[in-house]
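**Student:** Let me give you the structure first, and then I'll get to my questions.
The values are calculated or read from the model by the stated rules, or taken from the named source; none is laboratory data. None of these values were measured; they are calculated from a predicted model. For neighbour counting, all protein chains shown are included, and Cβ atoms are generated from backbone atoms with ideal geometry for every residue, glycine included.
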Amino acid sequence: MQSFRFFREVTFWARWIQFVAIVHMLVAIVIYHREFLDVLGAGFFGAVTSLSQKVALWFFMIGMTLLILGWCLEEMIRVPKRVAYSVLLVVLLGLCLVPKSGFWLLSPPAIFLCLVAHRNEHDRAVKLSGC
């Protein structure tokens with residue numbers, strides 16, 4: 001029963017990340033619609049040339065990366081520590097570099113993933129020790 005509760009918790013935070021990712025991509029399209037139209041109008045391949053087009057691309061691609069992370073977390077039974085702490089590190093760097101940003105929305109799932117990963121390590125250590 002404990003593992004089922006854990007799965008529900010991870011699923012919640014995975015979906016939270018997916019939601020933030022989708023909003024991030026929609027905001028990218030709304031804010032940078034002109035840049036995206038210029039890229040499509042220029043033939044798409046090799047069409048990202050200006051700084052504003054590069055910013056638009058990265059803004060959108062970060063949303064895609066978050067969506068993929070959310071999908072992966074939703075499928076995981078156990079969250080590896082290196083994944084959890086890597087997500088936390090990215091969020092903390094983002095918060096330090098751009099405090100007035102959406103990185104705050106990723107703080108709760110990042111902290112939760114670290115707690116879950118720590119709990120997983122503890123449970124694994126207890127099983128290995130036979131206690």
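**Student:** Which one of these does residue 106 not meet: (1) in a loop (DSSP other than H, G, I, E, B); (2) surrounded by 13 or more Cβ atoms within 10 Å (Cβ to Cβ)?
**Tutor:** Failing condition for residue 106: (1).
**Student:** From the set of residues in the stretch 89-103 that are β-branched (Val, Ile, Thr) and under 14 Å from the mean Cα position of the chain (by Cα), which is surrounded by the fewest Cβ atoms within 10 Å (Cβ to Cβ)?
**Tutor:** Of everything passing the filter in the stretch 89-103, 90 is surrounded by the fewest Cβ atoms within 10 Å (Cβ to Cβ).
**Student:** Which residue pairs have Cβ atoms closer than 6 Å, lie 6 or more positions apart in sequence or on different chains, and pair a first residue in the stretch 84-99 that is outside the structural domain of residue 67 (by TED's automatic domain parsing) with a second residue that is aromatic (Phe, Trp, Tyr)?
**Tutor:** As it stands, the answer is 91/103; 94/103; 95/103, since those pairs meet every condition given.
Results for (1) more than 15 Å from residue 12 (Cβ to Cβ); (2) at pLDDT 90 or above, shown as yes or no for each residue.
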residue: 79; (1), (2): no, no
residue: 85; (1), (2): yes, yes
residue: 89; (1), (2): yes, yes
residue: 100; (1), (2): yes, no
residue: 124; (1), (2): yes, no
residue: 131; (1), (2): yes, no
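**Student:** Here is a further query. Looking at (1) under 30 Å from residue 116 (Cα atoms); (2) touching a helix residue (DSSP H, G or I) at 6+ places or on another chain (Cβ under 9 Å); (3) in a helix (DSSP H, G or I), which is the only condition residue 34 fails?
**Tutor:** Only one criterion is unmet by residue 34, namely (1).
**Student:** Report, by residue number, each residue of the stretch 77-106 that is over 25 Å from residue 60 (Cβ atoms) and out of contact with any Leu (no Cβ under 6 Å at 6 or more places or on another chain).
**Tutor:** Residues satisfying the conditions are 77, 78, 80, 81, 82, 85.
**Student:** Hey, does the stretch 31-43 have a residue that's among the small types (Gly, Ala, Ser), modelled with pLDDT of 85 or more and surrounded by 13 or more Cβ atoms within 10 Å (Cβ to Cβ)?
**Tutor:** The answer is yes, given that some residue of the stretch 31-43 is among the small types (Gly, Ala, Ser), modelled with pLDDT of 85 or more and surrounded by 13 or more Cβ atoms within 10 Å (Cβ to Cβ).
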